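What follows is a short report on a single structure.
The values are calculated or read from the model by the stated rules, or taken from the named source; none is laboratory data. Quantities reported herein were computed from a predicted structural model and do not represent experimental measurements. Please note: Cβ atoms are built from the backbone with ideal geometry, for glycine as well, and neighbour counts cover all protein chains shown.
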Amino acid sequence: MPIIAVSDAPLEEAIVEALRAGAVDCVSTSRLRAIRTIAKRLLHGEGRCLQAPRISQQAVLSSINRILEQSLACETEEQVGETCLRVALDLLASRAGFVGEIGSGGPLCGLGWIQCARDDAPVVHHRPLAGLAPHSPWFHALVDGDGIVSHDPLADGIDLPSHHPPLTAFLAVPLRRAGETIGVLAVANRPGGYTRDHLEALRALSPTVIEVLMRQRAEVAMQASERRLARDLDGMTRLQALSTRLAQPDDLLPLLREILTAAAEITGTRMGSIQVVDASSGALHLVAHQGLSPSYVERFATNSCPAICGAAQRRRCRVIVEDVCALPELQGSADLAVLAANAIRCVVSTPLICHSGRLVGMLNNHYTAPHPPSDHELRFIDLLARMAADVIERSRAEEALRASEAMCREVLENSRDALYRRNLISGTYDYFSPTIEQLYGYTAHEFAALCAEEREQLLHPDDRQAYRAHNAALEASTEPLATDTVEYRLKTKRHGYRWFCARRRLMRDTEGNPIALIGTVRDIEEEKRAQQAIAQRLEDLAALADASQVLSRESDEDNILQRACALAVERFGLQLAWIGLVPEDGSGIVVPMYAAGLDEAYRTRIKLSLDSSGERQPATRVLRTGQAVVVDDITNASFFSPPWRDDGLARGFRSMAALPLVHDSRVTGVMAVYAGKAGAFDHERLQALQSLANLAAAGREKARLHAQVRRYAEDLEGQVAARTAALAESEARFRAVFEDAAMGIAVIDLRGRLLAVNPALEQLLGRPGAEMVGRPITQYFLHGRDREALRKSCRAVFEDGASTTKGEAHWVHPNGQLRLGQVTMSAVRGAGGAPRFAICMIEDITEERQARAALIQAERLRVTGQLTTAFAHEIKNPLQAVIGCLGLLAETLTEERIASANAQRYLEAARNELHRADRVVNRLRDFHRRGNRAPAPTHVDGILEQVLLVTQKQCEEQLVVSRLDISGELPPVIAQQDELRQLFLNLVFNAIDAMPTGGLLQVNLAATEDPPGVRVTIADSGEGIPPASLPHLFEFLYTTKERGTGLGLFVCQEIVHNHGGDITVQSTEGAGTTFTVWLPA
């Protein structure tokens, strides 16, 4: 296809050379890849790109409106292309450009550039170029849908001819339609070059360029079709009249002359002739002619031109000589001289062949200029030839006439237009082509049978008066061939009202009186809808442009949202519009806060719930999903409850749409609009309203930001002053805390060296601060574990990202004392999170640990007292039994004077009880034995059996049942036995105390594999521990008993941790408590 419009011819060669770089003998594979890489890099802004002001959306919309408006006045594709190009040049301030299409074969056709200064040269059209290779990298960059941006064409691989003016910048985008690239829109030589914003602006303009070009092309095609139809109608009318004339008996020559006249009118020629075949000789004789000189008649009266008519006779087919001067057979002949004398340059010779297949003559059409006849002309010439053959072959006149009518009927039936004839005298329709049924839904017979009143009732009420006026004006016209065109809506039998266009001609009798109307009817419903859609789109775009200007001037949030509702009603022709915002308090109820339209009271009843109860309502669905919802017909909307639906219909609402107000991908509100007709919100209208909602959301956010800026500006000076004072005060407080703190504080750099120390730390370590600054902090603590712990703390806060670490370390004071301190280290980080230095706080806990050890020893003594009491009970009972047995033995011996069997039994019982007393005394001795024995392999089950044995008496007194379950074989643990006894005695005594009215004491032992060890659970069914007390159970001096010391569980935890184990507790009030102890094997 040709180029539509080109501007700036000197740049033509740049594009040509860039595209020709893909020719077979010009580019290697590596160079092709390199050029594509450059194109991609430039497209994504990685190449050299000068900064330029951003192109506003308003400028792009204005350019689109300008194209749409100015293109309506264009009559040709070239004018439309020139309009689009001029707008693109103005938008991007460019000095050159072009718009072109891609040919059906693939390569760009018609590409060219002219004139570097766009203001001093006209736009040139149709500059076809050849040799553009479709595999050129620049060509593929456009066909694949990419754009091209270049600020140095030579550096980017565009080879320019030597005579080409310099290119300073170049920008091109593809014109895509239905997913395929159909052309190119390009601009060049913009001062300052192009940015990605210019590329996006040109891309935004390209759909409109395609739309107006396609629209113009469709209009041109429709006009051409209408002209062809008119010519066909004229020709068919002429043929019909001629057929009627030929059906009447008459002499041969007048009929043939009428055929020649008809041929001249239809083909636009003024010369022609008819030759008939002599039955005896087979020669062609000239029998009728028109517009030919006597010399022509004399030359070809009995002899035909062998190179033209003779060739058609021999071949029995049409011979077309588009230029007789170029025919080799005629060169230098007398025939050519005669033809030249009659100014004949083109001859179409058509054989006249009757239905029997016999050639009966020749119809010759003569043109005064070289002329390739169209298929249209040839078809009509064939018809005339057929009529001529029928006239010549009088015996078969009726059969030839029927064939001609059949051919005409075929043309009419296959036409998209219906042909009709209305008799003005009778007021009835004489003829309707079968196409009328496809258009109106009525057969030709049904529509013709309707009376005038019935046919008028089928017209749309708004079109009846105009239709009658057109009829009256046409019938009253005095023009010989009066014609008119009328558009109207008619109620079809199947599809309701549709738009039709009728083109009619007034037929007169020989006296000039109107007798009939002959016309065609075409369905133009789709064309009307397209026109209405374009008009509506233009109106919506204008409304959006106005809304953008109005809302951009507002700075108050309420005014912006209220104005958005008013614009929706005023500019989009709606009946009601309201906006509801999502509450910031999280209440979940949305109500319309702003409204405009016919009935604002309707919105006062609306309350939207964001929970699932209202999810079927359109506005609620928008708030939950963020997607627009359209209700084309409220009458059939099932999700509207009957009261709401009836109320809306009573107010005139037929359709509605709900649109989200979105900011930062979050739905902040909903805009609901109502229209008075069903289906009012098509895709384009919905897009325009969504744009209005987006403008409202953006305006609201802009107003909120303005308000925040004002508040920030008001508070800025006060905050700066306050922060300056606070900084000074904070620095003073830190200095006071640092200098006067009782705890030692040091500042450490990233290498663990001391930067500063306070007086308290100097006193703790017994060294002056000046001596310590600059040295590692670890050198003042004991070697080994303490120094390594400090190094780990430094690594944790400086490298691992820990905020705070705690630990303990020993040091030797210069006075010789070994001191213990708790070390807390915290990192101080910069704005980026990187550590700058650390604060190290050291607290001397030597005395505290000594006091804690004394309390632990006191707790051991308390437990020993309890154990002694238990042993006293245990020893007393067997001793009493021995005394009793011995008494009975004495009585027996006294009475019987012999050692009876009973005496032997009593003596055995006495011995058993004495052995039991001995074992109890031995255990008491072992318990009191405090030693410093090293940890040794110990069986936990044996320790627990001893503990349960010595606490059996307390269990019996408080009605507690103790139970010991051991699962499998237990490994020995490395422990001190006396500390484990103290651990389990404390836990068992606590469990017994928790069951004052009796219960179950369950002790379970089991081995663990990962990690290896022994797990002991001691569970009671007592009163349980309050949840508030559970976090503090193992704290020092914390107790829940009235006479407790707060040391028991603390000591238990110390023993477990010293053995490398773990102790946990779970408790439920009213159900009991379970202590779990795990010891490593």
Being without any contact (Cβ under 8 Å) to a residue 60 or more places away in the chain, loosely packed, with under 15 Cβ neighbours inside 10 Å, in contact with a Ser or Thr (Cβ under 6 Å, 6 or more places away or on another chain) and not in a helix (DSSP H, G or I), is that true of even one residue in the stretch 614-631?
no
Only one residue in Ala707, Ala703 is surrounded by 16 or more Cβ atoms within 10 Å (Cβ to Cβ) and touching a residue at least 24 places away in the same chain (Cβ under 8 Å). Which one?
Ala703
May I ask you to list the residues in the stretch 1029-1080 that are touching a residue at least 40 places away in the same chain (Cβ under 8 Å), among the polar types (S, T, N, Q) and crowded, with 16+ Cβ neighbours inside 10 Å?
Ser1067, Thr1073, Thr1074
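For Ala1028, state whether it is closer than 19 Å to Ala975 by Cβ, small (Gly, Ala, Ser) and within 60 Å of the chain's Cα centre (by Cα).
Details: closer than 19 Å to Ala975 by Cβ: no; small (Gly, Ala, Ser): yes; within 60 Å of the chain's Cα centre (by Cα): yes.
No; evaluated as a whole, the condition is false for this residue.
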Please give the number of the condition Ala530 fails out of (1) surrounded by 14 or more Cβ atoms within 10 Å (Cβ to Cβ); (2) among the hydrophobic types (A, V, I, L, M, F, W, C); (3) assigned to a helix (DSSP H, G or I).
(1)
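Is it fair to say Thr1074 is of a type in the set (Val, Ile, Thr) and under 59 Å from the mean Cα position of the chain (by Cα)? Steps first, please.
Working: of a type in the set (Val, Ile, Thr): yes; under 59 Å from the mean Cα position of the chain (by Cα): yes.
Criteria met by Thr1074.
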Being more than 14 Å from Ala802 (Cβ to Cβ) and of a type in the set (Lys, Arg) is the filter here, so list the residues in the stretch 817-842 that pass it.
Arg819, Arg836
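Which count do you get for residues in the stretch 173-197 that are free of Cβ contacts under 8 Å to residues at least 60 places away in the same chain and in contact with a helix residue (DSSP H, G or I) (Cβ under 9 Å, 6 or more places away or on another chain)?
Adding up the residues that qualify gives 5.
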Could you please let me know if Asp417 is within 25 Å of Lys528 (Cβ to Cβ) and exposed (fewer than 14 other Cβ atoms within 10 Å of the Cβ)?
no
Just wondering, is there one or more residues in the stretch 1008-1028 that are buried (at least 16 other Cβ atoms within 10 Å of the Cβ), among the basic types (Lys, Arg), closer than 29 Å to Pro935 by Cα and in contact with a strand residue (DSSP E or B) (Cβ under 6 Å, 6 or more places away or on another chain)?
yes
Considering only strands (runs of 3 or more DSSP E) wholly within the stretch 742-818, the ones with at least 3 residues that are in contact with a Gly (Cβ under 9 Å, 6 or more places away or on another chain) and of a type outside the set (Asp, Glu) are 754-757, 804-812
Please go through (1) modelled with pLDDT under 80; (2) at positive phi for Ser548 and return the number of the only condition it doesn't satisfy.
(2)
Matching residues in the stretch 478-501 (assigned to a loop (DSSP other than H, G, I, E, B) and surrounded by fewer than 18 Cβ atoms within 10 Å (Cβ to Cβ)) number 7
Leading residue by the ranking (farthest from the chain's Cα centre (by Cα)) among those in the stretch 300-324 that are free of Cβ contacts under 8 Å to residues at least 24 places away in the same chain and more than 21 Å from Ala337 (Cα to Cα)
Arg314
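Okay, residues lined up against (1) without any contact (Cβ under 8 Å) to a residue 12 or more places away in the chain; (2) of a type in the set (Val, Ile, Thr):
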| residue | (1), (2) |
| --- | --- |
| Gly784 | yes, no |
| Glu799 | yes, no |
| Thr805 | no, yes |
| Ala809 | no, no |
Within the group Gly679, Gly718, Gly652, which residue is in contact with a Ser or Thr (Cβ under 8 Å, 6 or more places away or on another chain) and more than 24 Å from Leu551 (Cα to Cα)?
Gly679
What number of residues within the stretch 441-457 are in contact with a helix residue (DSSP H, G or I) (Cβ under 8 Å, 6 or more places away or on another chain), of a type outside the set (Gly, Ala, Ser) and in a helix (DSSP H, G or I)?
3
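If you check Asp234 against the conditions, is it surrounded by fewer than 17 Cβ atoms within 10 Å (Cβ to Cβ), acidic (Asp, Glu) and in contact with a strand residue (DSSP E or B) (Cβ under 6 Å, 6 or more places away or on another chain)? Walk me through how you get there before you give the answer.
Details: surrounded by fewer than 17 Cβ atoms within 10 Å (Cβ to Cβ): yes; acidic (Asp, Glu): yes; in contact with a strand residue (DSSP E or B) (Cβ under 6 Å, 6 or more places away or on another chain): no.
Considered against the rule, which asks whether it is surrounded by fewer than 17 Cβ atoms within 10 Å (Cβ to Cβ), acidic (Asp, Glu) and in contact with a strand residue (DSSP E or B) (Cβ under 6 Å, 6 or more places away or on another chain), Asp234 comes out as no.
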Among (1) modelled with pLDDT under 85; (2) closer than 24 Å to Glu848 by Cβ, Gln1053 falls short only on (1)
When the residues of the stretch 1061-1081 are narrowed to those that are within 15 Å of Val940 (Cα to Cα) and assigned to a loop (DSSP other than H, G, I, E, B), which ends up modelled with the lowest pLDDT?
Ala1081
